[in-house]
Each structure stands twice: as structure tokens, then as C-alpha cells.
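The next block holds one structure in the form of C-alpha cells; read it before the comments.
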Amino acid sequence: MDLLQNLLGGGQQRQEFEDFANRYDQGSPYDGISGDEAYRRYQQVAPQLPPDVYEDAARESFSRMSPQERMQFGQHLQQRSRQQGVNFPDFNQDGIDDRYQDPNFLAQMTGRMHQQQPGLLGQLLGGGQQQSVGGGGGVGDLLNNPLAKAALGGIAAMAVRRMMSGGGGGMNQAGLGGQSNVRRGGNNFGGIDM
């Protein structure tokens with residue numbers, strides 16, 4: 001699989017990705033990895049993923065959170081989006097969207113964000129800062145929010161795990177996947193068919 005080889009490489013780099021995925025799997029999803037590593041691995045993996053693989057990895061990542069943690073993550077993402085001027089609607093205007101408890105909804109929403117504006121989720125959760133010259137910046141509030149760390153790190157770890165097990169979804173030899181069921185269009189990430 002070309003995507004696997006291009007992303008994971010061989011030897012030590014592949015071992016580092018496997019170690020990352022193993023540490024993510026141990027304990028709470030945010031215990032075994034740092035915020036910096038979660039952000040860095042997400043930045044390395046996410047841009048390479050076909051939409052269906054990204055969404056599946058996100059679903060697995062969000063499924064590891066409790067409903068309360070998913071709700072808190074969704075509210076945090078909504079708040080960060082508004083702070084950075086990204087249209088993130090409140091569906092019933094009460095400040096709380098109960099669908100945030102659903103890992104499928106969060107996976108579709110983040111998958112749609114990733115399709116429309118690759119890197120936006122990392123930017124929103126990483127504090128909106130650009131990567132520093134030394135390569136260690138860009139994590140902003142991520143270090144202070146274990147759920148943001150769990151989401152970004154989880155998407156990367158679940159995608160790596162899936163690729164290493166040969167479950168690359170609809171990837172062809174060029175590493176391109178089929179379309180997911182998430183509708184495209186506009187900058188409104190709330191228009192997801194449920």
C-alpha cells in the first residue's frame with residue numbers, strides 16, 4: 001500500500017508510529033501521549049488520509065471518550081471556532097448541541113472540516129498558532145485540554161493502527177480513497193445529514 005509506505009516509511013519511523021499508537025491505546029486516550037506529540041502526529045498523518053479513513057479514525061477516537069467527554073469536546077471545539085471566526089452554528093440556539101455526545105456525529109463533523117479546510121481542526125484545537133521555526137510550537141491550548149489532545153492524537157493513532165493492520169478502507173494503489181457520505185459545500189460545518 002503506497003500510502004502506508006509514504007506515511008510510515010520503514011524502520012525507525014514506522015516503529016515510532018507504532019509506539020505512538022500503542023501508547024494511545026494504554027489507559028485513558030490522553031494519558032500516554034503529550035499534547036505536542038498528539039499535534040505533531042496529527043499534522044503528519046491527517047493530510048495523507050482519504051476522507052473515509054479520516055472519518056473512520058475520528059469515529060474510533062471519539063468512541064473511546066465518554067458521552068460527557070464528547071459533549072465537552074464538542075463545546076470546546078464550538079467555542080474555539082467562534083473565537084477564530086469560523087462558522088460553527090448552534091442548531092437550537094441554546095448553546096448546547098446534544099449531538100456532540102454521538103461519536104458518529106463528531107466524526108462526520110470533523111471529517112467535513114478536514115475535507116473543506118485541511119488542517120483547520122489542528123489549528124482550532126492547537127490554539128490557532130502557526131508551527132514555530134523549531135517545530136515545537138502550534139499546540140497552544142492543546143496542552144491544557146486533554147480532550148483536544150485525545151481527539152487529535154486519537155485520529156492519528158487510529159489511522160496508523162488501521163493502516164498497519166491493512167484496513168486502509170477504500171484506498172487504491174495511489175493511496176486515494178472513495179468519497180465519504182459527508183456533504184461538501186460552504187464554510188458551514190453544521191450542515192451534516194443525520
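The values are calculated or read from the model by the stated rules, or taken from the named source; none is laboratory data. This is a predicted model, so every value here is computed, not measured. Every residue, glycine among them, receives a Cβ derived from its backbone with ideal geometry; neighbour counts consider all protein chains shown.
Does GLN117 fit the bill of being farther than 24 Å from ASP25 by Cα, at pLDDT 85 or above and either surrounded by fewer than 19 Cβ atoms within 10 Å (Cβ to Cβ) or not aliphatic (A, V, I, L, M) (or both)? So GLN117 passes the test. Has region 122-135 got any residue that is of a type in the set (A, V, I, L, M, F, W, C), over 14 Å from ALA38 (Cα atoms), at pLDDT 90 or above and out of contact with any strand residue (DSSP E or B) (no Cβ under 6 Å at 6 or more places or on another chain)? Scanning region 122-135, I find no residue that is of a type in the set (A, V, I, L, M, F, W, C), over 14 Å from ALA38 (Cα atoms), at pLDDT 90 or above and out of contact with any strand residue (DSSP E or B) (no Cβ under 6 Å at 6 or more places or on another chain), so the answer is no. When GLN84, GLN68, GLN75, GLN93 are checked against the criterion of being polar (S, T, N, Q), within 18 Å of ALA107 (Cα to Cα) and at pLDDT below 90, a single residue qualifies: GLN75. Yes or no: region 26-41 includes at least one residue that is at pLDDT below 90, farther than 25 Å from ASP102 by Cβ and more than 18 Å from the chain's Cα centre (by Cα). Yes, region 26-41 has at least one match.
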